[in-house]
1. Considering only residues that are in contact with a strand residue (DSSP E or B) (Cβ under 9 Å, 6 or more places away or on another chain) and free of Cβ contacts under 8 Å to residues at least 40 places away in the same chain, which ones fall in segment 16-28?
2. I'd like the full set of residues that are crowded, with 17+ Cβ neighbours inside 10 Å and out of contact with any strand residue (DSSP E or B) (no Cβ under 7 Å at 6 or more places or on another chain), limited to segment 52-75.
3. So which residues in segment 1-43 are out of contact with any helix residue (DSSP H, G or I) (no Cβ under 9 Å at 6 or more places or on another chain), assigned to a helix (DSSP H, G or I) and surrounded by fewer than 15 Cβ atoms within 10 Å (Cβ to Cβ), if there are any at all?
4. Can you tell me which residue among 103, 88 is in contact with a helix residue (DSSP H, G or I) (Cβ under 8 Å, 6 or more places away or on another chain) and at pLDDT below 95?
């Protein structure tokens, strides 16, 4: 399921306790540039295990580098009963207004 980065920004800004930003890139990608406050769950390493510990009452906004991993990850999470959306790339979210950090 897809949600635009600008819609994700507005929803998160209006209710930050309901929405969790989930970066599904590798830890090194995450360290180099990330949305401030995003959690990291590497899609290629332990993603299923990480997801099993998440709160199903939250809504998850997933991003990656190009949109492919976040699309697959959102689909997987939805199959496990989560409300999860692919919101695009880290660049999309930054352009939409999310604060970010490096290093």
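1. Those that are in contact with a strand residue (DSSP E or B) (Cβ under 9 Å, 6 or more places away or on another chain) and free of Cβ contacts under 8 Å to residues at least 40 places away in the same chain: 26, 27.
2. Those that are crowded, with 17+ Cβ neighbours inside 10 Å and out of contact with any strand residue (DSSP E or B) (no Cβ under 7 Å at 6 or more places or on another chain): 54, 69.
3. Residues satisfying the conditions are 13, 14, 27, 28, 31, 32.
4. Within the list 103, 88, the selection yields 103.
The values are calculated or read from the model by the stated rules, or taken from the named source; none is laboratory data. Worth saying up front: this structure is predicted, and the values here are computed from it rather than measured. Note: ideal-geometry Cβ built from the backbone for every residue, glycine included; neighbour counts use all protein chains shown.
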